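Reviewing the structure listed below.
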Amino acid sequence: MRISTRLHRSIYRWVGIMSAGAAALLVANSAWAQAPAAPAAAPAAPPSWQQGRSADQAKSPLHPFAPHFTGRTSADLPLDKLKVPPGFKVEVWVEGVPEARSLALGDKGTVFVSNRNLTEVYAIVDRGDKREIKKLFTGMKVPNGVAFSKGTLYVAERHRITRYDGIEDALDNPPAAKVVIDNLDPSAQAGHFWKYLAMGPDGKLYFNVGAPGNIVLPNYNQATMQRVDPNTGVLETVAQGVRNSVGMDWHPRTKELWFTNHARDWISDDLPNDTLHRVSRKNMNFGYPFCHQGDLLDPEFGKGRSCKEFDAPAAKLGPHIAPLGMRFYTGKMFPAEYQNNMFVAMHGSWNRNTKHGYNVMRVTTDAAGKVTGMKPFLEGFLTDDKGDPPMWGRPVDVLQLRDGSMLVSDDFNGIIYRISYKK
Amino acid sequence: MIFVAVVRVAVGLLLAVTLPVSVLAADMAAGMQKAQTCVACHGPEGNSASPAIPSLAGQPAQFIATQLVMFREGRRKDAQMSPFATGLANADLNNLAAYFAAQKLVLPTREAPSATAEVGARLAQQFNCTQCHGPALMGQQHIPRLAGQQMDYLKTQLLGFKASTRFDMDGQMTSAVQALSEADIATLADYLSALK
């Protein structure tokens, strides 16, 4: 590994020197030729989210949306636009949690909330009739992943996973971090390296290591699902060819891992689909960067390849719809037909001229675990599908509370909503 | 039905949350009051008269709030500015952002030399400035307006990005300016600061 890394570095340096040389040559040439005032300069490398764009997309106005890092107050928002099925109710559960991302539930009812661009982990607790927001940690490095198991909070930062034992008894004075695994981010380069974190039924922590760009050849440990045993630190690859997954859960009956995945950008408005995956055996490879959505060869990396080499997704969720948090419903509050259904938070498309998503979808499966349907469960954030921005809120994660109601985080506004049901 | 329930919860929260969390809408009047400290350097209504200090008038609210958060959290640093952001609550930042976004930018009276204007406009296309800052470089959402901004301030930011010392949320600006020469940066700053 070490040798190949060094080789890579020296190749990069080479490319750098070559292009600097080429530029110098161009400047020198134009000086000799007494060229007009305009100097010949190589165009700058485009921002990383533009990587993979074709020449005819060069003037595309599409761009990602940044959250309001101060949070926005519910009084400023059109909450009356939110819609849930008959019998359900949606309300603001808490606000003032800037960039609320992933959610985890403690044994004693604490809700842990993570950040991606900001550096905090929050704990939200009900004390009597008061709901308190506690800033648990600050100064963390992309702490997108939070998981809770048997009294311990685990946090996945960009580069490491740490544990905090007995956290719910020490919310005002949290213990020092104990490292589960470190050095997960040796390259420190731009890319999909924020992590979702979940505790598996096998007692191992599952997380994603995404691709280093939109459509690039990943190295051996990128574009994978991985797991680490928190007791031993042993790391294993669970699945490969996964561009970036930021949501996962285990089927309550089969105990199989399911996860969401973001496909590449800049093929077209309608291709490829983002996907839902089911891990039914070891060493599955879902195709990135060669094949997308199980049946679409990549225009560049797909040359000479076949989608038959790879495993297909369980479902296509929609192009650029950005599925994030995903959980199976096992609570007693919602009607019986919701048992073992999946709820998937769609962060919403940016790489599409007509926007869609920005909702929570309900996904149903049959007894064999085959996906049978998908319909919107919480919607209303999308208000103008041609707008910039097109939405006023963005769902990130879903979390079932003990009473069977469901929380939905919204990083755009720093708000968490609660959905409940009453006959 | 939903709306009524939501409002009731929001009112409940005002009493319940112990961190200083406001559930009131962004408050322009409160923003104006807080802004009295800012205008000492940033100029009346956020129209700077100093080439090194940016104008805030007419910048997108989300851009102002984002930068204030980053100053407060110590991720963007400036010896003069950083102390003023310390201790401000998110609600203060939202109010300040709403206030300055609503002010009118006094347009530059200076014209850039015609050669500079021509080369500057070309550089802004070639180096993708218009991709995010908009075709007229007026900014949008979390991305600042460049048209009519102070020249030395623009130059300092671009040089900071080039040296990877200026705060950059996602690395876009740092990568975008790498191929700019110092002469290009001077031309762009000259062109942008005179742009109406």
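Taken together, the values in this text are just the output of simple stated rules run on the coordinates, not laboratory data. Bear in mind that the values here come from a model prediction, so they are computed numbers and not experimental data. No Cβ is skipped: glycine too gets one built from the backbone with ideal geometry, and neighbour counts run over all protein chains shown.
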>> Helix-only estimate, please: 222 nm mean residue ellipticity of chain A, summing -39500 (n - 2.57) across DSSP H runs of length 4 or more and dividing by its residues, to the nearest 500.
In response: -2500 deg cm²/dmol
> Once you charge only the Cβ atoms, +1 for Lys and Arg and -1 for Asp and Glu, what is the size of the charge dipole of chain B about its Cα centre, to the nearest 20 debye?
Replying inline: 260 debye
> Helix A:2-32 versus the longest principal axis of chain A: what angle, 0 to 90°, nearest 10, using Cα atoms?
Replying inline: 50 degrees
>> Excluding same-chain pairs closer than 8 in sequence, count the lysine pairs in chain B whose Cα atoms lie under 25 Å apart.
In response: 7
> So what J values fall out for the range A:294-306 if you push phi through Karplus, 6.51 cos²θ - 1.76 cosθ + 1.60 with θ = phi - 60°, rounded to Hz, Gly and Pro as x?
Replying inline: x, 8, 10, 5, 5, x, 9, 6, x, 4, x, 10, 9
> What is the set of long-range amide H partners of A:His292 at a cut-off below 5 Å, with H atoms built 1.01 Å from backbone N?
Replying inline: A:Leu297, A:Asp298
> With θ set to phi - 60° and the Karplus curve 6.51 cos²θ - 1.76 cosθ + 1.60, what are the ³J(HN,Hα) couplings of the range A:224-232 in order, to the nearest whole Hz, using x for Gly and Pro?
Replying inline: 9, 9, 10, 9, 10, 7, x, 7, 10
>> Among A:Ser48, A:Ser149, A:Ser114, which one shows the highest mean-square fluctuation when chain A is modelled as a Gaussian network with alpha-carbon springs under 10 Å?
In response: A:Ser48
> For A:Phe286, which sequence-distant residues (separation of 5 or more, or a different chain) have an amide H within less than 5 Å of its own amide H, given hydrogens modelled in the peptide plane?
Replying inline: A:Gln240, A:Gly241, A:Val242, A:Asp311
> Which aspartates and glutamates, on any chain, are close to A:Lys81 with Cα under 13 Å apart, when same-chain ones fewer than 8 places away are left out?
Replying inline: A:Glu91, A:Glu379, A:Asp384
> aspartates and glutamates within cross-link reach of A:Lys308: Cα-Cα under 13 Å, excluding same-chain residues under 8 positions apart?
Replying inline: A:Asp295
>> I'd like to compare B:114-120, A:96-102, A:341-347: which one has the highest average count of other Cβ atoms within 10 Å, and what's the full order after that?
In response: A:96-102, A:341-347, B:114-120
> Where a ≥ b ≥ c are the square roots of the eigenvalues of the C-alpha gyration tensor, would you call chain A rounded, which needs a/c under 1.5, or, failing that, prolate if a/b is larger than b/c, or oblate?
Replying inline: prolate
> Counting only other chains, what is the mean number of Cβ atoms within 10 angstrom of the Cβ of each residue in peptide A:50-57?
Replying inline: 1
> For peptide B:168-174, how many partner chain Cβ atoms fall within 10 Å of a residue's Cβ, on average?
Replying inline: 4
> Pairs A:Lys204/A:Lys370; A:Lys108/A:Lys282; A:Lys83/A:Lys141; A:Lys195/A:Lys370; A:Lys135/A:Lys255: which are spaced more than 29 Å apart, C-alpha to C-alpha?
Replying inline: A:Lys108/A:Lys282; A:Lys83/A:Lys141; A:Lys135/A:Lys255
>> Which order do the peptides A:221-229, A:383-391 come out in when sorted by mean C-beta neighbours inside 10 angstrom, highest first?
In response: A:221-229, A:383-391
> In a shell of Cβ-Cβ distance under 9 Å around A:Arg227, excluding A:Arg227 itself, what net charge do Lys and Arg (+1) and Asp and Glu (-1) give?
Replying inline: -2
> Tell me, what is the percent relative contact order of chain A, built from C-alpha pairs under 8 Å that lie six or more residues apart?
Replying inline: 15 percent
